[in-house]
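Structure first, commentary second.
The values are calculated or read from the model by the stated rules, or taken from the named source; none is laboratory data. Please read all numbers here as calculations on a predicted model, not as lab measurements. Counting neighbours? That spans all protein chains shown, and the Cβs are built from the backbone with ideal geometry, glycine included. The area values use the complete protein model at the heavy-atom level, side chains included, leaving out ligands, DNA and RNA. Shrake-Rupley method; radii C 1.70, N 1.55, O 1.52, S 1.80 Å.
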Amino acid sequence: MAQGKRGKPPPPSVLKVHLLMVPPGSSVMNITSIDLYVTQLAFQYTKAYEILLVIFFILTFLFFFFFIYFIVVLLIVFFTTPHVQENTRYILFAHMLINDTLYLIMGLVLSVFYTYVRSVPMPICYVMVTLATITFKVTPYNLAAMALERYIAICFPLRYVMFCTTQRTYFVIAAMWFVGLLPNIADFTVLIVSVEKTFFFEFLACRQESLIVQPLQSVIRSLSFIGSLFLVAFVILFTYIKVIIIARKTNSKSSSASKAGRTLLLHAIQLLLCLLSLTSSITESYNGEYVLILMAFNFLIFMCLPRLLSPLIYGIRDEVFSKYIKKMYSSKK
């Protein structure tokens, strides 16, 4: 009996129990009836799995489009408000929104490709996986930059204008992408010297694991992810402690230092969720019948949820964005 890639028939132990229930010597005990029975069970099992998979993908798409809608609203506010475009804090925030949108688009496309498009040309797959990994790493870098911006604003207010200029902000953004790209350059170098030229013309299942041909690639990937995330964690922890010290000195819960401390704490929660997303590579190594549902669950919880926090933090808590969003919707009524 042939079995598809998206579903698995019941295990042999289950089939054995059903077959033992048939009396020996019965007219039912023939090869044709057994094959028909096994085929029906496998069909029912596969059908239920397909329905569950479709439900998960529908939920994923709904969550994704809600996220995109909210981000578009915030970006409209950013690009239509001149003084917001000149503020370092909001430039970094807008960059995070664009970066996270790219990451989620790539994540969704890769999930759909892996589920329904079984083979993808290697160059196209490599470009998509590279863009997904870079945008994943840029998110914590951006959190660190935003934490440092709050640290300078609270601890060195007189030097803020000198340090946090528009030009320096865009330079920091470019540096984030360059640092995020470095591990992929090293990975591609290892790949070129390790495979035949025919490998670049192959069609394969588009996952990062399909592009790993040497253990060194896994080492580069792990070190870059873990090193980046722990460095960002140190930056956020350091800035949070410094800002909280200033907040306690002011003895005011409504001070800018206290607000900055709460914002940094939310950044720390985002970073923790990013760290938890690394567990998805472990859980998805399970090759059972529910691997595709597991991938959809990981996408919702570990990819979409952390990136929804940023719009919520600034869209609801930030006075500038909340003011313009209210004005935007009140003008439509």
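Worth a mention:
- Gyration tensor (alpha-carbon) shape descriptor, segment 137-197, a/c threshold 1.5: prolate
- For segment 55-204: rounded, prolate or oblate by the Cα gyration tensor [a/c cutoff 1.5]: oblate
- Simple spin-label estimate for Val117 and Arg248 gives 5.5 nm between the two label positions (7 Å along the Cα-to-Cβ direction from each Cα).
- For His95, net neighbour charge (Lys/Arg +1, Asp/Glu -1) across residues whose Cβ lies under 15 Å away: +1
- Remark: spin-label model distance Ile76-Val213 equals 4.8 nm, labels positioned 7 Å along the Cα→Cβ axis.
- Computed from backbone phi, the HN-Hα couplings of segment 168-175 come to 5, 5, 5, 5, 4, 4, 4, 5 Hz, rounded to whole numbers (Karplus: 6.51 cos²θ - 1.76 cosθ + 1.60, θ = phi - 60°; Gly and Pro given as x).
- Multiplying the residue separation of Leu52 and Lys327 by 0.36 nm and removing their Cα-Cα distance gives an extension gain of 94.9 nm.
- If you plug the beta carbon distance of Glu319 and Phe61 into 1/(1 + (r/R0)^6) with R0 = 30 Å, you get a FRET efficiency near 0.35.
- Computing FRET efficiency as 1/(1 + (r/R0)^6) for Thr198 and Leu231, where r is the C-beta to C-beta distance and R0 is 30 Å, gives about 0.15.
- Cβ-defined net charge surrounding Asn184, 11 Å radius [Lys, Arg +1; Asp, Glu -1]: +1
- Straightening the chain between Phe156 and Ile124 buys 6.9 nm, computed as 0.36 nm per residue apart minus the Cα-Cα spacing.
- Taking all protein chains into account, the per residue accessible area for segment 117-253 stands at 56 Å² (1.4 Å probe).
- Taking amide H as placed 1.01 Å from N in the peptide plane, the amide H of Leu204 sits under 5 Å from that of Val120, Met122, each at least 5 places away or on another chain.
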